[in-house]
Amino acid sequence: MYTKKMILITGAGSGMGEGVSIGLAKLGHKIIAGVQIAPQVTSLQRKVKELGLENNLQAIKLDILDPLDVDNALTWDIDILFNHAGVGEAGPLSEIPLNLVRANFETNVFAPLALSQKFIAKWIAACKKGKIVFTSSLLGLLSVEGLGAYESTKHALEAIAEELQREMNPHGIQVQTINPGPFFTGFNETMSDTAFRWLDDDKNFTKRADVRAVFDAIFGSPEGRLDPKIIIDAMIEIVPADTGKFRNIVPASLLDTLKAAQVRAWQNTI
């Protein structure tokens, strides 16, 4: 159940974020679609015009690492903040350059937390109830070979979301996570290529061919290339809802995979 909402969505320039923005606008919600770079504003505005959604969807430049973009976003009187923007770094955690890990945390953890803090302060000062939704990942709840840097950001985001939910309950501000599985949007495939910018068989003990084999196994099967319509439809339902679960695994069929992984973690020995 939900009423029509004003929703700010970060990372709306492509893939899931764009699809959710358009889908929610079609349902009559007022959407502020934040995209990272100016050309994405033009591209999304063109699609909005073609779909006749000009009254319900406005694209803005919102690089969540740009203080000016963030200040502009804070001028909107929104009901829901959907923290969807994210990036991914892949490769062996034992050798990945630390500056890449730090950058991954800046975008996936610190920037969405900072934006959430600013809207929380605004809502509490106005005695307004709001809602914050984080796009986490199934990898925020388990570990997969080769994706340690990215999944560590999502593990951190899970802890942040849980603590924010506890802190915001007295203020009537809701907090949720959405935990997508391996959907075929291009994000995972692009992330898997990031390690090959720096992996060097002459310098690293982890070999490029071995890393490539791991990612081919993960993303080369149908289970690693799920139809993105599934997650987009789920987000369209979850984000504006007035009630629901705190944590949302999509598709739900992956719950068994997650539970099995957690059992293995408790049984793990050295």
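Here are a few things to note about the model shown:
- Looking across segment 194-208 at every residue that is free of Cβ contacts under 8 Å to residues at least 24 places away in the same chain and either part of a loop (DSSP other than H, G, I, E, B) or exposed (fewer than 13 other Cβ atoms within 10 Å of the Cβ) (or both), the one that is farthest from the chain's Cα centre (by Cα) is identified as Asp202.
- Applying a threshold of 6 Å to beta carbon distances and a minimum spacing of six or more residues, or different chains, the list of pairs starting in segment 9-28 at a residue that is without any contact (Cβ under 8 Å) to a residue 60 or more places away in the chain and ending at one that is surrounded by fewer than 24 Cβ atoms within 10 Å (Cβ to Cβ) and of a type in the set (Lys, Arg) reads Gly28/Lys4.
- Cβ separations smaller than 6 Å between residues 6+ apart or across chains give the following pairs from segment 159-178 residues that are closer than 11 Å to Ser116 by Cβ to residues that are surrounded by fewer than 20 Cβ atoms within 10 Å (Cβ to Cβ): Ile160/Leu113; Val175/Leu164; Val175/Gln165.
- Those helices (runs of 4 or more DSSP H) of segment 88-184 in which at least 2 residues are in contact with an Asp or Glu (Cβ under 8 Å, 6 or more places away or on another chain) and crowded, with 19+ Cβ neighbours inside 10 Å, considering only elements entirely within it, cover 148-168.
- Taking the conditions (1) part of a loop (DSSP other than H, G, I, E, B); (2) buried (at least 17 other Cβ atoms within 10 Å of the Cβ); (3) not charged (D, E, K, R) in turn, Val211 satisfies each one other than (1).
Values quoted throughout were computed directly from the atomic coordinates according to the rules given, and no laboratory measurement underlies them. Computed from a predicted structure; not experimentally measured. Note: ideal-geometry Cβ built from the backbone for every residue, glycine included; neighbour counts use all protein chains shown.
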